[in-house]
Amino acid sequence: MDVFRDLLACPACTGRLAADWSCRSCGARFAAPDGIPALCLAGDARTDAVRRFYERAPFPGYPPHDSLHALRARAERSVFARLLDRAIPADARIVEMGCGTGQMCVYLARADRIVVGADLTRAALLLGAGAARRFAVDRVQFVETDLHRPGVRPGSFDVVYSSGVLHHTPDPRASFARLAALARPGGIIIVGVYNAFARLPMRARRMVAKLSRFRLIPCDPVLRERALDPDRREAWLRDQYQHPEEHRHTLGDVQRWFRENDVEYLRTYPSAVLGDEPDELFAPACDNWRAEGWLAQLGWIRSLGHEGGLFFTIGRRA
């Protein structure tokens with residue numbers, strides 16, 4: 001636990017934590033029920049609404065009778081997950097902010113990596129911690145905390161990863177600034193957010209769903225895939241169609257966040273360079289032409305729209 005405690009911090013003052021989870025600097029006291037430190041402060045009404053939303057149906061959940069082998073096989077159906085695992089050094093310190101039920105944390109917790117999975121929803125973290133125990137994965141620590149005042153140490157991580165989180169916060173731009181501060185100088189930052197263009201098909205499906213009172217949801221491949229897994233189907237339906245807080249962003253929006261926080265833009269996934277298929281996820285793209293980026297995003301309507309329109313932007317902290 002000591003190696004993980006060194007990567008955590010008091011959410012009130014960022015001070016170091018003692019063995020009893022008290023802050024050595026300001027004296028604030030915290031606890032770690034079920035082995036999951038609760039490093040969180042009172043949230044605002046909009047953040048609390050998101051917390052309650054996920055308490056009801058933690059996302060994305062685990063299939064019945066899951067195993068580590070099955071989890072890794074599912075993850076590696078994604079080219080992005082394979083590229084990410086290959087790009088991260090074997091001894092990296094990784095934090096996933098907004099880890100949900102922790103599948104990516106468990107997937108990346110191999111070799112000598114140390115992984116911290118942070119989320120504001122304890123119900124989701126309990127599922128992740130339970131899976132890690134069942135799978136005998138001991139290089140991941142889950143922590144209950146809020147990106148608004150994160151209980152993880154700034155400037156301490158080789159890789160900061162956050163997928164599907166910033167666009168559910170009240171102020172994604174400010175949330176990114178807090179996220180970027182967690183990376184060490186030279187550390188990698190990976191953010192996945194809804195693309196303003198690629199999200200259009202999902203918004204159309206959501207309109208039909210609402211008009212039909214959710215009796216009809218057309219052309220959603222994830223719902224079809226989870227037809228025999230009602231808990232995970234419900235989690236996807238709520239996350240995609242009923243979320244109380246959602247924003248959508250262009251590549252230009254995210255690149256502005258990068259510039260404002262001294263983060264060097266490297267590339268996107270899928271690539272914003274037409275015809276480019278990255279072999280090295282952390283290598284700079286061969287070009288960053290704005291017009292080409294707009295064309296690529298229009299193409300994402302087709303390539304990403306069927307599963308929600310999420311795209312990743314990758315940068316390196318100066």
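Could you do me a favour and compute the accessible area per residue for the chain, 1.4 Å probe, result in Å²? Walk me through the numbers before you get to the answer.
Details: 14220 Å² over 318 residues.
Value for the chain: 45 Å² per residue.
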Item checked: Sequence-distant residues sharing a close amide H with Gly15 (under 5 Å, placed H) -> Cys10
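Where in the chain are the helices, taken as whole DSSP H runs, whose Cα atoms extend 27 angstrom or more along the long axis and whose Kyte-Doolittle mean reaches at least 1.6? Could the numbers behind the result be given before it?
Working: long enough: none.
The qualifying helices: there are none.
When the Cα atoms of the chain are enclosed in a convex hull and the volume is divided per residue, what value in Å³ results?
Values: hull volume 40.1 nm³, N = 318.
Here the figure is 126 Å³ per residue.
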Margin query: Through the Karplus equation 6.51 cos²θ - 1.76 cosθ + 1.60, θ set to phi - 60°, convert the phi angles of the range 276-281 into ³J(HN,Hα) values in whole Hz; use x for Gly and Pro.
Written below: 8, 10, x, 8, 10, 5
Check: Which value in nm describes the separation of the simple spin-label points at His69 and Ala227, placed 7 Å from the Cα toward the beta carbon?
Finding: 2.8 nm
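What order, most packed first, do the peptides 170-178, 15-23, 207-215 have when packing is the mean number of other Cβ atoms within 10 Å of each residue?
On the way: 170-178: 18.2, 15-23: 15.3, 207-215: 11.8.
Descending mean neighbour count gives 170-178, 15-23, 207-215.
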Margin query: Just to check I understand the Karplus step: with θ = phi - 60° and J = 6.51 cos²θ - 1.76 cosθ + 1.60, what whole-Hz values come out for the range 103-110, glycine and proline as x?
Written below: 4, 5, 4, 5, 4, 7, 7, 9
Note to self: Under 5 Å between amide hydrogens, which residues at least 5 positions from Glu264 or on another chain qualify, with H placed 1.01 Å from N in the peptide plane?
What the structure shows: Arg316, Arg317, Ala318
Next item on the list: Take the Cα radius of gyration of the range 125-185 and divide it by 2.2 N^0.38 Å, with N its residue count; two decimals is plenty.
Entry: 1.27
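Counting each DSSP H run of 4 or more residues in the chain as -39500 (n - 2.57), what helix-only mean residue ellipticity at 222 nm follows after dividing by all residues, to the nearest 500 deg cm²/dmol?
Values: 12 runs with 114 residues, N = 318.
After summing the helix terms and dividing by residue count, I get -10500 deg cm²/dmol.
Please report the carbon-and-sulfur percent of the accessible area for the chain; probe 1.4 Å, protein heavy atoms only, DNA, RNA and ligands left out.
52 percent
The values are calculated or read from the model by the stated rules, or taken from the named source; none is laboratory data. In this text, all values refer to a predicted model and were calculated from it rather than measured experimentally. Because the Cβ atoms are built from the backbone with ideal geometry, glycine has one as well, and the counts that use them run over all protein chains shown. Only protein heavy atoms, including side chains, enter the accessible area calculation; ligands, DNA and RNA are left aside. Shrake-Rupley method; radii C 1.70, N 1.55, O 1.52, S 1.80 Å.
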